[in-house]
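Sending over a structure as structure tokens; questions will come in a sec.
Every number here is computed from the coordinates shown, using simple stated rules; none is lab data. What you see is a predicted model; the values in this text were computed from it and never measured. Cβ: placed from backbone, ideal geometry, glycine included. Neighbour counts: every protein chain shown.
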Amino acid sequence: MNQNLIFTNDVEAAIGRLTASRDHNLTVVIADVNTARFAPSRENLIIVADGDAGKTLEAVCHVWDEMERLGVTRHSLVINLGGGMVCDLGGFAAATFKRGVRFINVPTTLLGAVDAAVGGKTGFNYHGLKNEIGAFAPASDVVISTRFLDTLPVEEIKSGYAEVIKHAMLSDRNELLRLLEHDFDAPIDHAAMLQRLRHSVQVKVDIVTRDPNEQGERKALNLGHTVGHALESLAMQRGKPVPHGYAVAWGLVTEAVLSHLLLKFPSEDVHRLGQFVRDNYRGFPFTCDDYDELLALMRHDKKSKDGEITCTLLAAIGDYRIDQTVGTDDVTAALDILRDLLGM
Ligand code: GLY
């Protein structure tokens, strides 16, 4: 996948160079209500609602209407300035307007920087299903920084950090152990965090380069997400949504337990991860009475086939196995152990 990644905390200079160096007739910025204040200008600014709930067809139509009004052509440049939602929605709107306008992503959240902005997945939610409509369409350039992180609530940082942990679990035990030392109460060390992001994003880039359209290996990036999505969906259905990364963190622990049960993933690593998640990702809202609903959601996951539950599992840190079928009893046992590790 051909994406130019720029790691810098001088975001304005990077955007300045990207907009100056290309032959565009017009530059348009798409931002949400929170990130619009970071836009270089009030002109040619398209603002959408914030949050995943705003990732709708109506919002895509609004962006297309605004692009038309502003006179965007195939020779224009779109800058998506925001979290994962803006990158997903703005990327889709740009990739489809007049059959494709070049766009760059400037993620303003940790989750956006390590996941949504990189790898070419764009789209929106439809009929209550997350990312049901979309296309693989990579941003030409991605400006990755820690520049905006101080403006975010700690829950938002923790949410993105779960994906950073996921990338380390897929690649490098030493990096994982370093990450599990992190103290979310301490002020952000921007230089160190930018270095963490460089490492984390590279894991995704390496996988996506080998399998851009998720025919096989890219499914490794779903580690933690079969269980995580079920937890996130059930919490949402009950009107008590949890941050995506919290559900992923709980999903990572559960799938690490499943990896231990089925592939002998070391119990020491399950415990280290479990301890970190217990200390930092509080508020797990489920009991054993919820297992049937959770199992049903896992069976209906996009990634599952023939009603079986499939996950990416690990034989060891960095040794991932995609398309692993897991039984109901194993998932039930793993959820019990998760609740135990979380002290529930
Ligand atoms: N979020 C996982 C992927 O981009 O494949």
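Within the stretch 92-132, restricting attention to residues that are of a type in the set (Phe, Trp, Tyr) and over 16 Å from Leu81 (Cβ atoms), which residue is surrounded by the fewest Cβ atoms within 10 Å (Cβ to Cβ)? Write out each step before concluding.
Pass one, the stretch 92-132, residues of a type in the set (Phe, Trp, Tyr): 92, 97, 103, 124, 126.
Among the residues that remain, those that are also over 16 Å from Leu81 (Cβ atoms) are: 97, 124, 126.
Values: Phe97: 20, Phe124: 22, Tyr126: 14.
Among those residues, the one meeting the criterion is Tyr126.
Just a yes or no: is a residue in the stretch 116-124 within 15 Å of the ligand (Cβ to nearest atom), in a helix (DSSP H, G or I) and either over 28 Å from Asp150 (Cα atoms) or not acidic (Asp, Glu) (or both)?
Within the stretch 116-124 (the criterion being within 15 Å of the ligand (Cβ to nearest atom), in a helix (DSSP H, G or I) and either over 28 Å from Asp150 (Cα atoms) or not acidic (Asp, Glu) (or both)), the answer is yes, since at least one residue qualifies.
Here's a follow-up. Does the stretch 206-220 hold any residues that are in contact with an Asp or Glu (Cβ under 8 Å, 6 or more places away or on another chain) and part of a helix (DSSP H, G or I), and which are they? Even if it seems obvious, please write down each step before you answer.
Looking only at the stretch 206-220, we keep the residues that are in contact with an Asp or Glu (Cβ under 8 Å, 6 or more places away or on another chain), and these are 207, 210-211, 217-219.
If the condition is that a residue be in contact with an Asp or Glu (Cβ under 8 Å, 6 or more places away or on another chain) and part of a helix (DSSP H, G or I), then Ile207, Arg210, Glu217, Arg218, Lys219 are the ones that fit.
Take the residues in the stretch 239-253 that are assigned to a loop (DSSP other than H, G, I, E, B) and either polar (S, T, N, Q) or in contact (Cβ under 8 Å) with a residue 24 or more places away in the chain (or both), then tell me which one is farthest from the ligand (Cβ to nearest atom).
Residues of the stretch 239-253 that are assigned to a loop (DSSP other than H, G, I, E, B), as a first pass: 239-243.
Narrowing the set further to residues that are either polar (S, T, N, Q) or in contact (Cβ under 8 Å) with a residue 24 or more places away in the chain (or both) leaves 240, 242-243.
Details: Lys240: 24, Val242: 18, Pro243: 15 Å.
Looking at the filtered set, the residue picked out is Lys240.
In the set Phe136, Phe148, which member is within 14 Å of the ligand (Cβ to nearest atom) and of a type in the set (Phe, Trp, Tyr)?
So the residue among Phe136, Phe148 that is within 14 Å of the ligand (Cβ to nearest atom) and of a type in the set (Phe, Trp, Tyr) is Phe136.
Can you tell me which residues in the stretch 214-229 are within 10 Å of the ligand (Cβ to nearest atom) and among the polar types (S, T, N, Q)?
The answer is Asn222, and nothing else.
Return the only residue of Leu5, Leu57, Leu26 being touching a strand residue (DSSP E or B) at 6+ places or on another chain (Cβ under 8 Å) and over 17 Å from Asn105 (Cα atoms).
Leu57
Would you be able to say whether some residue in the stretch 63-77 is closer than 27 Å to Thr146 by Cβ, in contact with a helix residue (DSSP H, G or I) (Cβ under 8 Å, 6 or more places away or on another chain) and free of Cβ contacts under 8 Å to residues at least 24 places away in the same chain?
no
Find all pairs meeting these conditions: Cβ atoms under 7 angstrom apart; at least six residues apart or on different chains; first residue within the stretch 38-54 and without any contact (Cβ under 8 Å) to a residue 40 or more places away in the chain; second residue in a loop (DSSP other than H, G, I, E, B).
Here the result reads Asn44/Leu26; Leu45/Ala39; Ile47/Val33; Ala49/Val33; Asp50/Val33; Asp50/Asn34, each pair linking the stretch 38-54 to a residue that is in a loop (DSSP other than H, G, I, E, B).
If you don't mind, there's one more thing I want to ask. If I go through the stretch 133-169 residue by residue, how many of them are buried (at least 22 other Cβ atoms within 10 Å of the Cβ) and of a type in the set (A, V, I, L, M)?
Of the residues in the stretch 133-169, 9 are buried (at least 22 other Cβ atoms within 10 Å of the Cβ) and of a type in the set (A, V, I, L, M).
I'd like the full set of residues that are hydrophobic (A, V, I, L, M, F, W, C) and surrounded by fewer than 19 Cβ atoms within 10 Å (Cβ to Cβ), limited to the stretch 195-245. First the steps, then the outcome.
As a first pass, look at the stretch 195-245 and keep what is hydrophobic (A, V, I, L, M, F, W, C): 197, 201, 203, 205, 207-208, 220-221, 223, 227, 230-231, 234-236, 242.
Passing the criteria: Val205, Met236.
How about the stretch 24-52: which of its residues are among the aliphatic types (A, V, I, L, M) and in a loop (DSSP other than H, G, I, E, B)?
Residues of the stretch 24-52 among the aliphatic types (A, V, I, L, M): 26, 28-31, 33, 36, 39, 45-49.
Within the stretch 24-52, Leu26, Val33, Ala39, Ala49 meet the criteria.
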